[in-house]
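Below you'll find the structure, written out as structure tokens, and then a few comments.
The values are calculated or read from the model by the stated rules, or taken from the named source; none is laboratory data. Just so you know, these numbers come straight off a predicted model, no measurement behind them. Cβ sites come from the backbone with ideal geometry, for glycine too, and all protein chains shown count toward neighbours.
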Amino acid sequence: MRQFFFPHESGHDRWLYCHSLSLLGVHVAIAPDATATLAELNYVRNCFLHRGGIVDERAAEEAPCLNVPLGTKIRVGEETSKEYLKAVSDFAQGLLKGAFESRYSPVVQS
């Protein structure tokens, strides 16, 4: 079972944080390609944090988009780093927008 993602109706991965926040009335809208990039980034992060950057069985199986064979060291280039940064930025912007538009926002909505 994945820790941060769940399959939704269309078969794509969706970020569990977005779903959990929506249950609380905070709707985070981000593009499907950003959620796929965030999913990939999560596996890259886990490999670096727990395996010294080496692709483990779980990442090889659940994130074939990494296109890195099992036991190989992940190398994140400049272009990929920019994609990851954009996806994180899109999520942060969506989260802020969702928070300000939620019932929890102290900002008076017109």
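A search for C-beta distances below 6 Å between a residue of the range 91-105 that is touching a residue at least 12 places away in the same chain (Cβ under 8 Å) and any residue that is exposed (fewer than 13 other Cβ atoms within 10 Å of the Cβ) and among the basic types (Lys, Arg), counting only pairs 6+ apart in sequence or on different chains, returns nothing. Do we have any residue at all in the range 39-51 that's in a helix (DSSP H, G or I), more than 14 Å from the chain's Cα centre (by Cα) and of a type in the set (Asp, Glu)? For the range 39-51, residues in a helix (DSSP H, G or I), more than 14 Å from the chain's Cα centre (by Cα) and of a type in the set (Asp, Glu): absent. Each residue in the range 60-103 was checked for being over 23 Å from residue 49 (Cβ atoms) and either exposed (fewer than 11 other Cβ atoms within 10 Å of the Cβ) or charged (D, E, K, R) (or both), and 3 of them qualify. If you go through the range 59-90 and keep only what is farther than 17 Å from residue 37 by Cα and either assigned to a loop (DSSP other than H, G, I, E, B) or free of Cβ contacts under 8 Å to residues at least 12 places away in the same chain (or both), you end up with 69, 70, 71, 72. Screening residue 12 on (1) modelled with pLDDT of 80 or more; (2) over 17 Å from residue 92 (Cα atoms) shows it passes everything except condition (1). The residue that is nearest to residue 92 (Cα to Cα), among those in the range 42-59 that are in contact with a Ser or Thr (Cβ under 9 Å, 6 or more places away or on another chain) and crowded, with 16+ Cβ neighbours inside 10 Å, is 44.
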